[in-house]
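The values are calculated or read from the model by the stated rules, or taken from the named source; none is laboratory data. All of these numbers come straight from a predicted model, not from anything done at the bench. All Cβ positions, even for glycine, are placed from backbone atoms using ideal geometry, and neighbour counts span all protein chains on display. Protein only, heavy atoms only, side chains kept; ligands, DNA and RNA dropped before computing areas. Shrake-Rupley method; radii C 1.70, N 1.55, O 1.52, S 1.80 Å.
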Amino acid sequence: MKSRIPALSLLALALLQGCGNDAAESAATTASTPSTEAAAPQAIDTNAKFVDLQGQAVELSAYAGKKVFLNYWATWCAPCIREIPSIARASAELEDEGYVFLLASDEALDTIGDFLVEREFEGTFIKLNKFFGAWGINAVPSSELYDENGNLVVTWAGAFEWDSPEMLDAIRNGTPKEPLPAR
């Protein structure tokens, strides 16, 4: 286990580059009930890329016929936390247009679950098996948009105000945009 600690520290530092240095800043929370329960997780399906917060496999192919917006985030990432409420609002705005919004963290299921209960965030939160870097995700927050056939359309790196008219149009049109400036 000791041999993993330096590698994990380097990975955390690399991910912080995309996250910013303002982790002490607090994020806005929503006043609604979280979409996850803090139930004890079951054994994780390690063959799947994603699992739900109960440890059951989640495949993007289950959303065939829908456009999938996939956001990569972390509980320790202030820009990630700031953008989660806007992702929830964008999800509500685009739900009738055939979009599914998923938010994936590579942290432990209990860490994700405890965070969501504390913050009362809405959304469909899932766990990414393995660390971000193992899947080629180099920074958080980052987001991907897949079309109805499961093809990657666009990747956005950085934080955005997802429910702004500009970003809703970018999602609908599958066009890249520049991230929000760091605060």
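A few points about this structure:
Results for (1) within 13 Å of the chain's Cα centre (by Cα); (2) surrounded by fewer than 15 Cβ atoms within 10 Å (Cβ to Cβ); (3) without any contact (Cβ under 8 Å) to a residue 40 or more places away in the chain, shown as yes or no for each residue.
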site	(1), (2), (3)
A88	yes, no, no
L103	yes, no, yes
I112	yes, no, no
E118	no, yes, yes
E122	yes, no, no
F125	yes, no, no
E148	no, yes, no
N151	no, yes, yes
R172	no, yes, no
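- Of all residues in the range 158-170, those satisfying the criterion of being buried (at least 17 other Cβ atoms within 10 Å of the Cβ) and more than 14 Å from A88 (Cβ to Cβ) are G158, A159, A170.
- Out of L103, L128, one residue alone is under 18 Å from V51 (Cα atoms), in contact with a helix residue (DSSP H, G or I) (Cβ under 9 Å, 6 or more places away or on another chain) and modelled with pLDDT of 95 or more. It is L103.
- Pick from the range 127-146, criterion among the small types (G, A, S) and in a loop (DSSP other than H, G, I, E, B), ranking: least open to solvent (accessible area, probe 1.4 Å): A139
- Within the range 55-86, tally of residues that are part of a loop (DSSP other than H, G, I, E, B), in contact (Cβ under 8 Å) with a residue 24 or more places away in the chain and either open to solvent by less than 10 Å² (accessible area, probe 1.4 Å) or of a type in the set (S, T, N, Q) (or both): 5
- Residue in the range 33-55 that is at pLDDT below 90 and more than 18 Å from F125 (Cα to Cα) present: yes
- Some residue of the range 136-146 being among the aromatic types (F, W, Y), within 25 Å of D169 (Cβ to Cβ) and at pLDDT 95 or above: no
- Criterion (within 14 Å of the chain's Cα centre (by Cα) and farther than 17 Å from E59 by Cα) met by exactly one of P141, P165: P141
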